[in-house]
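The values are calculated or read from the model by the stated rules, or taken from the named source; none is laboratory data. Since the structure is predicted, the reported quantities are computational estimates derived from the model, not experimental observations. Cβ: placed from backbone, ideal geometry, glycine included. Neighbour counts: every protein chain shown. We work out accessible area using only protein heavy atoms, side chains counted, and drop any ligands, DNA or RNA first. Shrake-Rupley method; radii C 1.70, N 1.55, O 1.52, S 1.80 Å.
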Amino acid sequence: MIVPIFSRTYLATAISEISKSEGKTIKLRGWIAKKRTLKGKIFLVLRDSTGLVQTITDDKSKAYKTAEKITTESSAFIRGKVVKDPRAPGGYEVKVSDIHIVGLAETWPIARDTSAEFLRDIRHLSLRQRKTQLMLKVRAATFAAYHECMTGLGYMEHQSPSFTPTPGESGAETFEVKYFKDKAYLTQTWQLYAESMLPIMEKIYTVAPSFRADKSMTSRHLTEYWHAEVETAWQEFPELLGLMEYIVKFISEKVAKMCKKELIELGQDPKYFAKLPKFKRLKYRDAIAELKKDGFKVKFGDDLGTVEEKHLVAKRKIPMFITHYPTKLKAFYMKIDPKDKSVVFASDLMLPGIGEAIGSAERSTDFKDVKKRLLAAGEDPKVYEWYFDAVSKYGSVPHSGFGLGMERLVMWFTGADSVKDVIAYPRTPTRFTP
Ligand code: 4AD
Ligand code: MG
């Protein structure tokens, strides 16, 4: 069956497929990424979602007048003959016989010296830049691979609400919003509602926006980010660690395969991502000892900052779990290690060059203890009564889960300088436009 996607009038060869038509005349469609005129020839680089190709229009061709008129970022059909040219970026060029302009573009506002700030102001246009296209394709592949992995493991997708009566993740800053006459919060995590779903679903996952009113202007913080979260009933801490490693490796392997060309063009090594080594594991206590040895001024109970995290993982060059964090540092819902009450069954995954990309834990099912910790964190346990009912009072089971920041993972795959580069419309403390 031919699935009707593009209208018949607009059918054309995808740029990634032109090598199959060497010597033949084909029709391409796309946008003019670059225009250059040189010695009676007009060079138009055409872009579609699959790639770029250089086209050449000779001043003897009947298409020359149209080539003169066409502007950067206009959309067009270009008909021409495919010729092999090892000097051309994709190995092929197109000798143009006909051009049909579909949408003539106004003067393109981006030049070589356009400032980074202005590029962010016109993100709706600057995202057409090649590097952004490559990064957003890797992003799309990352999401696709995640869904494939989770459904393959038999997980069901569950959606939690975005308006919540409770902050959700103690320690993180929340956005308060007016909810008619009341005050609500924008969700920081899908987790608490997810836990209440386990008695009917057992294995669930999501990927959805989480909101953090954190003012940190770092390369790894957004105020709205895409949060991949997984929750599993009947699962204790060791299996949680194994599951996270499996999922990250599955996604990495898929992305390496689906985006081999994109990763190479971004200067990344798809071979590394296709076969990640076994992840390292380090207890928080040992991490502190190691940091001390390496000259850091830290002690048990201190939060690890980006610098410390990056230092630990850079030494190993391999993703690394830091486990058994101090109870006082971590969220109220984490299970306390019965053998050492000063730590919880929590683990953060560190990625080389990034630092924390996953936060995870086995959950406490002891609501009295959770209540105590909520009070200590300055929260009102009353608004969590529904949560105590769902995970503790009515048929509790051991369960665990995690949250993965998708932008941090995509940043790692692509080698981007910032999470802002791997999301189409980044939201930060100083920007929510365009
Ligand atoms: O460590 P966090 O705060 O954990 C939770 O929210 C848990 N409730 C998740 C769970 O167990 N279901 O956040 C999880 C991950 C972080 O490791 C980080 O990758 C990402 O979310 N993250 C951010 N990404 C971009 N910008 C921010 N401001 C982020 N805050 C957290
Ligand atoms: Mg965390």
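What translational diffusion coefficient, in µm²/s and rounded to a whole number, does the Stokes-Einstein relation yield for the chain at 25 °C and a viscosity of 0.890 mPa s, taking the hydrodynamic radius as the Kirkwood radius over Cα pairs? Kindly include the intermediate steps, with their values, before the conclusion.
On the way: Rh = 24.5 Å.
Translational diffusion coefficient: 100 µm²/s.
Compute the orientation-averaged projected area for segment 64-137 from the convex hull of its Cα atoms and round it to one decimal in nm². Before the final figure, lay out the partial values.
On the way: hull surface 26.2 nm².
For segment 64-137, the mean projected area of the Cα convex hull comes to 6.5 nm².
Return one number: the angle in degrees, 0 to 90 and rounded to the nearest 10, between the long axis of the Cα atoms of helix 306-316 and the longest principal axis of the Cα atoms of the chain.
Compared with the principal axis, the helix lies near 80 degrees.
Amide H neighbours of Thr50 under 5 Å, counting only residues 5+ apart in sequence or on other chains, H built in-plane at 1.01 Å?
When sequence neighbours closer than 5 places are left aside, the close amide H contacts are Ile15, Ser16.
Spelling out what I want: for every residue of segment 391-397, take phi, set θ = phi - 60°, compute 6.51 cos²θ - 1.76 cosθ + 1.60 (Karplus), and round to whole Hz; glycine and proline get x.
Taking θ as phi minus 60°, the curve returns 10, 10, 7, 10, x, 6, 9 Hz for segment 391-397.
Leaving out ligands and nucleic acids, and using a 1.4 Å probe, what accessible area per residue does segment 333-381 come to in Å²? Could you put the intermediate results ahead of the total?
On the way: 1970 Å² over 49 residues.
It amounts to 40 Å² per residue over segment 333-381.
Relative contact order of the chain: what whole-number percent is it, with Cα pairs under 8 angstrom and at least 6 residues apart?
Values: 816 pairs, mean separation 58.5, N = 434.
Relative contact order comes out at 13 percent.
Kindly state, to the nearest 0.05, the FRET efficiency for Arg281 paired with Ala116, given R0 = 51 Å and r defined as their beta-carbon distance.
Details: r = 39 Å, r/R0 = 0.76.
It comes to 0.85.
Note down the net charge around Gly154, summing +1 for each Lys or Arg and -1 for each Asp or Glu among other residues with Cβ under 13 Å from its Cβ.
Values: positive: Lys203; negative: Glu148, Glu157, Glu202.
Once positives and negatives cancel, what remains is -2.
Cα axis of helix 130-152 to longest principal axis of the chain: angle in degrees, 0 to 90, nearest 10?
Orientation of helix 130-152: about 50 degrees from the principal axis.
If you count, for each residue, the other Cβ atoms within 10 Å and average over each peptide, how do 223-235, 261-273, 17-29 line up from highest to lowest?
223-235, 261-273, 17-29
Of the listed peptides 183-195, 34-46, 415-427, what is their order by residue-averaged count of other C-beta atoms within 10 Å, with the highest listed first?
Taking the mean over residues of other Cβ atoms within 10 Å, the ranking is 183-195, 415-427, 34-46.
Can you tally the net charge around Glu73? Count Lys and Arg as +1, Asp and Glu as -1, for every other residue whose Cβ sits under 12 Å from the Cβ of Glu73.
Working: positive: Lys34, Lys35, Arg47, Arg128; negative: Glu106.
Summing Lys/Arg as +1 and Asp/Glu as -1 gives +3.
Skipping prolines and chain starts, which residues have an amide H placed within reach, meaning under 5 Å, of the one on Lys335, given they are 5 or more residues away or on another chain?
Phe345, Glu362, Arg363, Ser364
Summing -39500 (n - 2.57) over the DSSP H runs of n ≥ 4 in the chain and dividing by its residue number, what mean residue ellipticity at 222 nm do you reach, to the nearest 500 deg cm²/dmol? Provide the component values of the computation, followed by the final result.
Numbers: 13 runs with 127 residues, N = 434.
Roughly -8500 deg cm²/dmol at 222 nm, from the helical runs in the chain.
Round to the nearest 10 and give me the degree value, 0 to 90, for the angle of helix 191-201's Cα axis relative to the longest principal axis of the chain.
Approximately 90 degrees, to the nearest ten.
Name the long-range amide H neighbours of Arg281: under 5 Å, sequence gap of 5 or more, or other chain; modelled H, no Pro or chain starts.
Phe321
What is the percent carbon and sulfur in the accessible area of the chain, measuring with a 1.4 Å probe over the protein chains and ignoring ligands? Could you put the intermediate results ahead of the total?
Working: 12270 of 22170 Å².
Taking all protein chains in place, the chain shows 55 percent carbon and sulfur surface.
Taking K and R as +1 and D and E as -1, what net charge do the other residues with C-beta under 9 Å from the C-beta of Ile318 add up to? Working shown, then result.
On the way: positive: Lys278, Lys280, Arg316, Lys317; negative: none.
Cβ neighbours under 9 Å give a net charge of +4.
In sequence order, what are the phi-derived ³J(HN,Hα) couplings for segment 208-222 according to the Karplus relation 6.51 cos²θ - 1.76 cosθ + 1.60 with θ = phi - 60°, rounded to whole Hz, with x for glycine and proline?
Those phi angles translate into 7, x, 10, 10, 9, 8, 6, 7, 4, 9, 9, 6, 10, 10, 10 Hz.
Please work out the ratio of the alpha-carbon Rg of segment 1-94 to 2.2 N^0.38 Å and round it to two decimals.
On the way: Rg = 13.2 Å, N = 94, 2.2 N^0.38 = 12.4 Å.
Its radius of gyration relative to the 2.2 N^0.38 Å reference: 1.07.
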